[in-house]
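Asks: Right, I'll just put the structure down here and ask away after.
The values are calculated or read from the model by the stated rules, or taken from the named source; none is laboratory data. This structure is a prediction, so every number in the text was calculated from the model and none was measured. So basically every Cβ, Gly included, is an ideal-geometry build from the backbone, and we count neighbours across all protein chains shown.
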């Protein structure tokens, strides 16, 4: 949970081409009959192609097209794993393309002049459109770049976003299908280094999109308003059949029927006319690039590319090498791997190209201006994540403090038990608690000290030694000295109290002199009366043994 919270908030999810945090992407491709999706996981330098989805739109034509698309998206979301980002592509027929050469190699500088440069070529104001570009060729020596600019009116983006909003999810990136295919083409080893002229043709139900590449560089794009549905309508008219029945025949039989069969004749005539239009488009592309006078290869994809006998018909009619767009060659790169399937389904080509964030497409996104993700949303995520992290830190502190306090308490209890056990062994207490045991031990020690004090010579001379020296130094008979009290206090052993009397004042002076001569005391008070009480501070260790 913590990992998911900090993604794209406090640390970058990507450093160059390395994903610091694993990111799951779901790429969508929407056609008139189905919704395709590719789920992939990017982690470190690896890309795992996890799952492919193909959800046909419901046949209930009473439902609006948008509702049928939303329902298909919901089914895919319910089956897919939780994605960190949702990428989807617009059909190329919704966009206007223009190739430009600009005197910059930096993307940010190109962005600054893009609207001004493209405005003369648009049939609508730039304020009504979202404009972005891809760099097809960078020339650092000449300090310029060749770019393909894409302009899409905002109402197309709004309509496309509604599919996902109604399904309860938000798209994070909107691209263009032919740009995505070009990005995929540029990283497939089989195509990346190819030379000559190549055409990528996507045959859909309502449109045919053509991309023209020279030496791997995308140069021209065009969309023809012809596709499988158009074929079905024309054949139905010539055979007096319903378009739906004819469409089912085209999907089932393709171009396999014999030419003598009414359907076979009709389909061959329609496809021949269709291929003539494609030939005309390709010839116009060649005429605009005189450096390459012929087309070397055609790569087919889309629903029409998989119709029976379509590849061979292209080869025969156009006399140009034609093959299916091969996405499985991508797996020869060590960075790519499949999770559950053995190969990439042909119908997943477009959704795969949209899901992959290729070097050509890593900065392209039509979700700009009012469609850009809200900064408030990121700020709110940062606040929530900050509070969560603070809560985690505080909780961790409390837990750590609890365990440390509990450890100290256990150690203290063990120490108290050890002290109590030692006191019992010494015979100082029989108490069950340490506090009572220490108090009883202190009382016994105090009693022992009182007894020991009277005889101790460590810090003070003993009471008997003081008496001995006083009795030697003072002639009691000559002075008529009568001692009524002699105290060395146990509480305050630093002084001696002497209470008594002498026979006269001369004896009093002699007593004062003899007390000073004992050298036992720090000071001797002046004696004024024959009856006296003297408190004299003792010198430390004033009596020697």
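Asks: Among the residues in region 124-140, are any out of contact with any strand residue (DSSP E or B) (no Cβ under 7 Å at 6 or more places or on another chain), assigned to a loop (DSSP other than H, G, I, E, B) and not assigned by TED's automatic domain parsing to the domain that holds residue 76?
Replies: yes
Asks: Kindly list the number of the only condition in (1) out of contact with any strand residue (DSSP E or B) (no Cβ under 9 Å at 6 or more places or on another chain); (2) at pLDDT below 90 that fails for residue 19.
Replies: (1)
Asks: Which residue is farthest from residue 165 (Cα to Cα), if the candidates are limited to region 49-86 and must be in contact with a helix residue (DSSP H, G or I) (Cβ under 7 Å, 6 or more places away or on another chain) and in a loop (DSSP other than H, G, I, E, B)?
Replies: 58
Asks: Which condition number in (1) within 51 Å of the chain's Cα centre (by Cα); (2) farther than 22 Å from residue 195 by Cα; (3) in contact (Cβ under 8 Å) with a residue 40 or more places away in the chain; (4) crowded, with 17+ Cβ neighbours inside 10 Å is the one that residue 255 fails?
Replies: Residue 255 satisfies all of (1) within 51 Å of the chain's Cα centre (by Cα); (2) farther than 22 Å from residue 195 by Cα; (3) in contact (Cβ under 8 Å) with a residue 40 or more places away in the chain; (4) crowded, with 17+ Cβ neighbours inside 10 Å except (1).
Asks: Right, another one. Can you pull out every residue in region 345-372 that is outside any loop (DSSP other than H, G, I, E, B) and more than 21 Å from residue 53 (Cα to Cα)?
Replies: The answer is 369, 370, 371.
Asks: Considering region 48-80 alone, what residues qualify as being touching a strand residue (DSSP E or B) at 6+ places or on another chain (Cβ under 6 Å) and over 15 Å from residue 34 (Cα atoms)?
Replies: Answer for region 48-80, where residues must be touching a strand residue (DSSP E or B) at 6+ places or on another chain (Cβ under 6 Å) and over 15 Å from residue 34 (Cα atoms): 48, 49, 50, 51, 80.
Asks: Filter region 289-344 down to the residues that are under 18 Å from residue 41 (Cβ atoms), in contact (Cβ under 8 Å) with a residue 24 or more places away in the chain and part of a loop (DSSP other than H, G, I, E, B) and list them by number.
Replies: 327, 333, 335, 339, 340, 341, 344
Asks: Return a yes/no flag: does region 141-163 have any residue that is surrounded by fewer than 21 Cβ atoms within 10 Å (Cβ to Cβ), within 19 Å of residue 36 (Cα to Cα) and within 30 Å of the chain's Cα centre (by Cα).
Replies: Within region 141-163 (the criterion being surrounded by fewer than 21 Cβ atoms within 10 Å (Cβ to Cβ), within 19 Å of residue 36 (Cα to Cα) and within 30 Å of the chain's Cα centre (by Cα)), the answer is yes, since at least one residue qualifies.
Asks: Please verify whether residue 402 is within 30 Å of residue 495 (Cα to Cα), surrounded by 10 or more Cβ atoms within 10 Å (Cβ to Cβ) and at pLDDT 70 or above, treating the condition exactly as stated.
Replies: It is false that residue 402 is within 30 Å of residue 495 (Cα to Cα), surrounded by 10 or more Cβ atoms within 10 Å (Cβ to Cβ) and at pLDDT 70 or above.
Asks: Check 272, 281, 246 and return the single one that is farther than 18 Å from residue 204 by Cβ and in a helix (DSSP H, G or I).
Replies: Result: 272 is the single residue among 272, 281, 246 that is farther than 18 Å from residue 204 by Cβ and in a helix (DSSP H, G or I).
Asks: In this structure, does residue 180 turn out to be at pLDDT 95 or above and closer than 16 Å to residue 298 by Cβ?
Replies: Taking the combined requirement at face value, the residue does not satisfy it.
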